[in-house]
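The values are calculated or read from the model by the stated rules, or taken from the named source; none is laboratory data. Everything quoted here is computed from the prediction, not taken from an experiment. Cβ sites come from the backbone with ideal geometry, for glycine too, and all protein chains shown count toward neighbours.
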Amino acid sequence: MSTKPDSDDTSSSWSPSEPYQALTPLPPETTLETPAVLKVCIDARAALAELKQASELIPDPRVLLTCLPLLEAQASSEIENIVTTADELFRHLEAERDASPATREALRYREALLEGFRALDERPLGARVAERICTRIKAIEMSLRKVPGTAIGNTSTGEVIYTPPVGVDLLRELLSNWERFLHDQDDLDPLVRMAVAHYQFEAIHPFADGNGRTGRILNSLFLVERGLLDSPVLYLSRYIIEHKAEYYSRLLGVTRDRAWEPWLLYMLTAVAETSRWTLSKLEAIRALHQATREHVQAGLPKAYSAELVECLFVRPYCRISNLVDAGIAQRQAAARYLQQLVGIGVLEEEKRGREKLFLNTRLLELLSTERNDFEGFE
């Protein structure tokens with residue numbers, strides 16, 4: 001537990017229109033794990049543990065790494081006013097060229113999340129991984145800001161509400177301190193550390209663009225690195241979307257007033273509520289998977305295989321080529337299997353130009369709505 005005195009007052013040295021050169025290194029000189037914070041932290045840890053356990057019961061982890069990162073991509077992009085839909089993302093998962101610019105950018109978020117997840121096998125979470133993530137999100141090489149002029153404004157009024165620090169040497173120094181805090185501050189609960197580090201990364205604002213989305217990916221990856229999750233399935237941006245004004249207000253409160261407790265309570269509540277929401281969604285996906293498997297096994301015993309059913313969940317918009325590429329069947333047999341699945345009510349067929357898509361509509365409804373029940377098979 002951090003027990004430094006509450007002396008970290010920067011309100012007199014901060015002005016929203018001036019670069020925040022006096023951004024305080026971590027850890028903050030204040031008590032972070034207050035009784036209120038610890039109470040919410042215990043709840044968040046319990047909810048996260050349940051989510052981790054449930055995710056381990058999904059038969060094919062590719063289902064998680066396809067479905068939930070896409071939902072996170074959609075919501076995290078919407079926070080930055082890049083608006084698409086979950087349906088559009090699933091539809092264009094393998095046909096990005098035909099997608100809208102917003103959909104393509106959100107798809108890149110998912111790619112960045114998964115690239116960051118794979119990068120954890122190579123190196124600890126840090127500035128290099130953040131740079132790699134931001135580069136994938138923006139589809140151009142991203143490095144530390146080298147010129148001044150970056151400012152964060154109110155989207156409604158245009159008023160500048162925060163100007164991050166400038167100078168490559170200072171940014172590099174602050175990021176090095178941020179890295180050390182991530183890995184060396186073991187006296188703090190990992191969830192508290194995640195929340196503190198997220199504020200600091202956003203305050204450093206190391207890149208010219210893409211900082212918000214990069215920072216939210218880093219949250220998920222930190223939970224994986226600390227062993228609190230096995231894969232980045234926490235749909236945290238959903239909570240932030242629903243409480244967007246409070247998210248920015250709490251961030252600004254730390255900068256302006258060193259109001260750490262309200263920020264920590266916000267983030268820990270976000271983890272707890274999001275964990276429970278994601279858990280309910282995972283349980284619904286598991287139930288649908290089981291019902292689908294039993295229905296296909298009974299209705300199409302010659303076509304049935306576990307791999308076939310898995311493919312319908314990894315690719316809710318399924319193409320003939322998906323079955324071929326998965327080694328389930330050659331093209332003619334794959335087309336027949338999909339048509340038979342339409343016949344027994346598992347899939348719906350949709351023509352888009354010369355291409356046929358086969359939709360797992362029950363799964364798509366689970367993923368794109370708040371519902372956790374689904375229409376049964378006749």
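Which of the residues belonging to segment 355-376 are more than 10 Å from Leu288 (Cβ to Cβ) and surrounded by 15 or more Cβ atoms within 10 Å (Cβ to Cβ)?
Residues satisfying the conditions are Lys356, Leu357, Phe358, Leu359, Thr361, Leu364, Leu367, Ser368.
Quick one: which residue in Thr66, Thr34, Thr103, Thr24 is at negative phi, of a type in the set (S, T, N, Q) and at pLDDT below 85?
Thr66
Considering only residues that are in a helix (DSSP H, G or I) and among the small types (Gly, Ala, Ser), look in segment 112-158 and name the one that is surrounded by the most Cβ atoms within 10 Å (Cβ to Cβ).
Ala130
Between Glu273, Glu348, which is of a type in the set (D, E, K, R), modelled with pLDDT of 95 or more and under 30 Å from Val196 (Cβ atoms)?
Glu273
Looking at Tyr317, is it in contact (Cβ under 8 Å) with a residue 40 or more places away in the chain and not acidic (Asp, Glu)?
yes
Quick test of your reading of the structure: Ala259 fulfils all but one of (1) under 30 Å from Arg172 (Cβ atoms); (2) hydrophobic (A, V, I, L, M, F, W, C); (3) touching a helix residue (DSSP H, G or I) at 6+ places or on another chain (Cβ under 6 Å); (4) touching a residue at least 12 places away in the same chain (Cβ under 8 Å). Name the failing condition by number.
Failed condition: (4).
Based on this model, can you work out whether Leu252 counts as more than 21 Å from Glu141 (Cβ to Cβ), in the same structural domain as Ala272 (by TED's automatic domain parsing) and not β-branched (Val, Ile, Thr)?
For Leu252, the condition - more than 21 Å from Glu141 (Cβ to Cβ), in the same structural domain as Ala272 (by TED's automatic domain parsing) and not β-branched (Val, Ile, Thr) - is met.
Quick check on my filter: what residues within segment 210-229 are closer than 18 Å to Ala54 by Cα and either out of contact with any Pro (no Cβ under 8 Å at 6 or more places or on another chain) or part of a helix (DSSP H, G or I) (or both)?
If the condition is that a residue be closer than 18 Å to Ala54 by Cα and either out of contact with any Pro (no Cβ under 8 Å at 6 or more places or on another chain) or part of a helix (DSSP H, G or I) (or both), then Ser220, Leu223, Val224, Gly227, Leu229 are the ones that fit.
Based on this model, can you work out whether Val196 counts as assigned to a helix (DSSP H, G or I), in the same structural domain as Ser77 (by TED's automatic domain parsing) and crowded, with 22+ Cβ neighbours inside 10 Å?
It is true that Val196 is assigned to a helix (DSSP H, G or I), in the same structural domain as Ser77 (by TED's automatic domain parsing) and crowded, with 22+ Cβ neighbours inside 10 Å.
Only one of Thr150, Thr66, Thr103, Thr84 is hydroxyl-bearing (Ser, Thr, Tyr) and over 16 Å from the mean Cα position of the chain (by Cα); which?
Every option except Thr150 fails the conditions.
Checking the conditions here, which among Leu174, Leu182 is in the same structural domain as Arg104 (by TED's automatic domain parsing), in contact (Cβ under 8 Å) with a residue 12 or more places away in the chain and within 25 Å of Pro16 (Cα to Cα)?
Step by step, each of Leu174, Leu182 is checked, and only Leu174 is in the same structural domain as Arg104 (by TED's automatic domain parsing), in contact (Cβ under 8 Å) with a residue 12 or more places away in the chain and within 25 Å of Pro16 (Cα to Cα).
Do you know which of the residues in segment 289-313 that are of a type outside the set (S, T, N, Q) and crowded, with 20+ Cβ neighbours inside 10 Å is nearest to the chain's Cα centre (by Cα)?
Phe313
Based on this model, can you work out whether Leu252 counts as in contact with a helix residue (DSSP H, G or I) (Cβ under 9 Å, 6 or more places away or on another chain) and touching a residue at least 24 places away in the same chain (Cβ under 8 Å)?
No: the conditions fail for Leu252.
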